[in-house]
Amino acid sequence: MNIIVCIKQVPDTSEISIDPETNTLVREGVPSIINPYDENAIEAALQLKEEYGGTVTALSMGPPQAEEALRQALAMGCDDAVLISDRALAGSDTLATSYVLAEAIQKIGGYDLVICGKQAFDGDTAQVGPGIAEQLGIPQATYAMEVKVDGKKMQVKRLLAGSFETIEMKLPALITADKHMNVPRHAGLRGVMAARKKEIPTWTLEDIQADPEKCGLSGSPTTVVEIFPPQRSSFLTSCVRHNCSKWPAEFSR
Amino acid sequence: MQTRPAFGGNIMARIVTRNHRPQMATVRPRVMQRLESPPEHTAEIVEVPVSFDENSIMTKIIDIARDEAAGQVNLQDAEIIVSGGRGLKKPENFAIIRELADALGGVVGASRPTVDDGWIAPYHQVGQTGSTVQPRLYIACGISGAVQHLAGMSGADCIVAINTDPAAPIFEVAHYGIVGDVFEVVPALTEIAREELGSG
Ligand SMILES: Cc1cc2nc3c(=O)[nH]c(=O)nc-3n(C[C@H](O)[C@H](O)[C@H](O)COP(=O)(O)OP(=O)(O)OC[C@H]3O[C@@H](n4cnc5c(N)ncnc54)[C@H](O)[C@@H]3O)c2cc1C
Ligand SMILES: Cc1cc2nc3c(=O)[nH]c(=O)nc-3n(C[C@H](O)[C@H](O)[C@H](O)COP(=O)(O)OP(=O)(O)OC[C@H]3O[C@@H](n4cnc5c(N)ncnc54)[C@H](O)[C@@H]3O)c2cc1C
């Protein structure tokens, strides 16, 4: 069973802040991590490989430093990694990103399953997984909790609000991994050493024969025009601070 | 133009789609007031025949199972929510939250770290990566008030916060703030609720 896992390198959101003067993200000194749901996706792929054999390829689109995330994926146990990096990709929205990743997946070829994370911690749209499946014309199951493979078919248990849904689909297919799917393994020292030696090819748009019109700014109908910190309704002034003994009586009225 | 949270609720982003029509956006549950449909309003419902090839359906639903644990927690429709955070110190201490929720006829909510650490089931989580709620009353017990938590509950009509730290950000959104120990305040509230509401 050959699996392609899409991983995104994201800033560690717990440390993100906005420059009050320029209203842009302060990225300096903010560490980059693998999008946490993508670690669940990698773990799911590795478990399927352990059960059914095959290979796991990690795929990322991003600037050259996204290679670090791919190295980490290799250290966890992925067999290969591919980086799609091209200046013309800057400003890609979810439509353009899905298109490029789908083209790269087709170039890699020979896959039975594509696994994405449920959503990315930065953009937070959860659109890229479903977008890739649409571009490839393959079935998809989002919010995967459990998977079972049966020959050329697969069953996926999905976590919905208040219920579980089990669906069946033919391979090749795409799933997006929920955090409740598994606990991602840590890369061991041996994995880290082996990952260091591996070659990670970097593909440009030309390498994957993508239409430049469908990539980057020209391929992106949406634009982020402004970002700002969330408004906190300030009840501070009206906040009444009581001590414990006094408050409950008043509250109960 | 759409305004949407990103970066786990740490920032809001305005998105514009200048040249493409039609466009599509989805609305997060409970961020807008639900409208009643006016009783006199009528509309014509038109049935449109559709035909498609069954083979073009790529996925087949083979089972839908109720999630028993989730069935008991309906945060999104709850009128009263009592939520616990890491200030509870230990998983067992969610008992005091449950008691107060029962006494008030409400449901139990939780902050994310308590869910991540397995103190309580995931369906209780309120916030950016949990449920967005809009109860009449939200009581936050031992919750600091991180933006990701506030993203899910700041729409509550009345917010009560109980926290030992007077500088906790939860007090910035609270209508009533109690600087105090949850282990004293919560049981005291439960007692009063039981007496006055005759519950439990
Ligand atoms: C503040 C902000 C708001 C934004 N809002 C929008 C918006 O409303 N509409 C829009 O179209 N774009 C938006 N974008 C752009 C969007 O972040 C990018 O298009 C991004 O490339 C993918 O979207 P995402 O981060 O939401 O990923 P998601 O769709 O949430 O990611 C889901 C999964 O797809 C895979 N994946 C995503 N990106 C990559 C990648 N580069 N390489 C490999 N795998 C990947 C991963 O498996 C990931 O877990 C926004 C960006 C920012 C910074
Ligand atoms: C991408 C992302 C998504 C997230 N999504 C969510 C989400 O959906 N929901 C969510 O809740 N969090 C979310 N978080 C986590 C969030 O940032 C905070 O870490 C979390 O809300 C803190 O939980 P807490 O208030 O229980 O714990 P803490 O921040 O540790 O606060 C505990 C509080 O208890 C008080 N306390 C201690 N002892 C007592 C006592 N005896 N009596 C009274 N008070 C006491 C302390 O003063 C403190 O304020 C998310 C984070 C990220 C990065």
Of all residues in segment A:115-146, which are farther than 20 Å from A:GLY162 by Cα, in contact with a Gly (Cβ under 8 Å, 6 or more places away or on another chain), in contact (Cβ under 8 Å) with a residue 60 or more places away in the chain and not in a helix (DSSP H, G or I)?
A:CYS116, A:GLY117, A:PHE121
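Can you find a residue that is over 24 Å from B:TYR123 (Cβ atoms) and either crowded, with 21+ Cβ neighbours inside 10 Å or within 13 Å of chain B (Cβ to nearest Cβ) (or both) anywhere in segment A:178-193? Give the steps one after another, and end with the answer.
Our first condition is that a residue be over 24 Å from B:TYR123 (Cβ atoms); within segment A:178-193, this holds for A:185-193.
Next, only the ones that are either crowded, with 21+ Cβ neighbours inside 10 Å or within 13 Å of chain B (Cβ to nearest Cβ) (or both) stay: none.
Within segment A:178-193, none of the residues are over 24 Å from B:TYR123 (Cβ atoms) and either crowded, with 21+ Cβ neighbours inside 10 Å or within 13 Å of chain B (Cβ to nearest Cβ) (or both).
Going through A:ALA69, A:ALA104 one at a time, which residue ends up being within 12 Å of ligand 1 (Cβ to nearest atom), within 23 Å of B:GLY8 (Cβ to Cβ), in a helix (DSSP H, G or I) and away from chain B (no Cβ under 14 Å)? Full working, then the answer.
Details: A:ALA104 fails: within 23 Å of B:GLY8 (Cβ to Cβ).
From the options A:ALA69, A:ALA104, the qualifying one is A:ALA69.
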Could you list, in sequence order, the residues of segment B:153-173 that are out of contact with any Lys or Arg (no Cβ under 9 Å at 6 or more places or on another chain) and within 12 Å of ligand 2 (Cβ to nearest atom)?
B:MET153, B:ALA161, B:ILE162, B:ASN163, B:THR164, B:ASP165, B:ALA167, B:ALA168, B:ILE170
Quick check, is A:PRO212 touching a residue at least 24 places away in the same chain (Cβ under 8 Å), more than 10 Å from chain B (Cβ to nearest Cβ), closer than 26 Å to A:GLY62 by Cα and exposed (fewer than 14 other Cβ atoms within 10 Å of the Cβ)?
yes
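Is it true that A:GLY91 is within 16 Å of ligand 2 (Cβ to nearest atom), surrounded by fewer than 22 Cβ atoms within 10 Å (Cβ to Cβ) and not in a helix (DSSP H, G or I)?
Numbers: within 16 Å of ligand 2 (Cβ to nearest atom): no; surrounded by fewer than 22 Cβ atoms within 10 Å (Cβ to Cβ): yes; not in a helix (DSSP H, G or I): yes.
When the stated conditions are applied, A:GLY91 does not pass them.
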With respect to B:LEU75, is the statement that it is part of a helix (DSSP H, G or I) and either near ligand 2 (Cβ under 7 Å from one of its atoms) or of a type outside the set (Ser, Thr, Tyr) (or both) true?
no
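Looking at segment B:35-66 only, could you name the residues that are surrounded by 10 or more Cβ atoms within 10 Å (Cβ to Cβ), out of contact with any Phe, Trp or Tyr (no Cβ under 6 Å at 6 or more places or on another chain) and within 30 Å of B:GLY109 (Cβ to Cβ)? Write out each step before concluding.
Start the filter on segment B:35-66 by keeping residues that are surrounded by 10 or more Cβ atoms within 10 Å (Cβ to Cβ), which leaves B:57-66.
Checking which are out of contact with any Phe, Trp or Tyr (no Cβ under 6 Å at 6 or more places or on another chain) leaves us with B:57-64, B:66.
Across segment B:35-66, the qualifying residues are B:ASP63, B:ILE64, B:ARG66.
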Quick test for you: out of B:LEU197, B:LEU150, B:LEU189, pick the one residue that is within 10 Å of chain A (Cβ to nearest Cβ), more than 11 Å from ligand 2 (Cβ to nearest atom), hydrophobic (A, V, I, L, M, F, W, C) and touching a Pro at 6+ places or on another chain (Cβ under 8 Å).
B:LEU189
Taking the conditions exactly as written (touching a residue at least 24 places away in the same chain (Cβ under 8 Å), surrounded by fewer than 21 Cβ atoms within 10 Å (Cβ to Cβ) and within 8 Å of ligand 2 (Cβ to nearest atom)), does B:PRO113 satisfy them or not?
yes
May I ask you to list the residues in segment A:169-206 that are assigned to a loop (DSSP other than H, G, I, E, B) and over 24 Å from A:MET154 (Cα atoms)?
A:HIS186, A:ALA187, A:GLY188, A:LYS198, A:GLU199, A:ILE200, A:PRO201, A:THR204, A:LEU205, A:GLU206
Identify, by number, the condition in (1) at the interface with chain A (Cβ under 7 Å from one of its Cβ atoms); (2) under 30 Å from A:ILE167 (Cα atoms); (3) at pLDDT below 80 that B:VAL73 doesn't meet.
(1)
Kindly indicate whether B:ASP165 is within 13 Å of chain A (Cβ to nearest Cβ), more than 16 Å from ligand 1 (Cβ to nearest atom) and of a type in the set (Asp, Glu).
yes
Identify all residues within segment A:136-146 that are under 16 Å from A:ALA41 (Cα atoms) and either buried (at least 20 other Cβ atoms within 10 Å of the Cβ) or in contact with an Asp or Glu (Cβ under 8 Å, 6 or more places away or on another chain) (or both); write none if there are none.
A:GLN140, A:ALA141, A:THR142, A:TYR143, A:ALA144, A:MET145
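The values are calculated or read from the model by the stated rules, or taken from the named source; none is laboratory data. Just so we're clear, the structure is a prediction, and the values are computed from it rather than from any experiment. All Cβ positions, glycine included, derive from the backbone under ideal geometry; neighbour counts span all protein chains shown.
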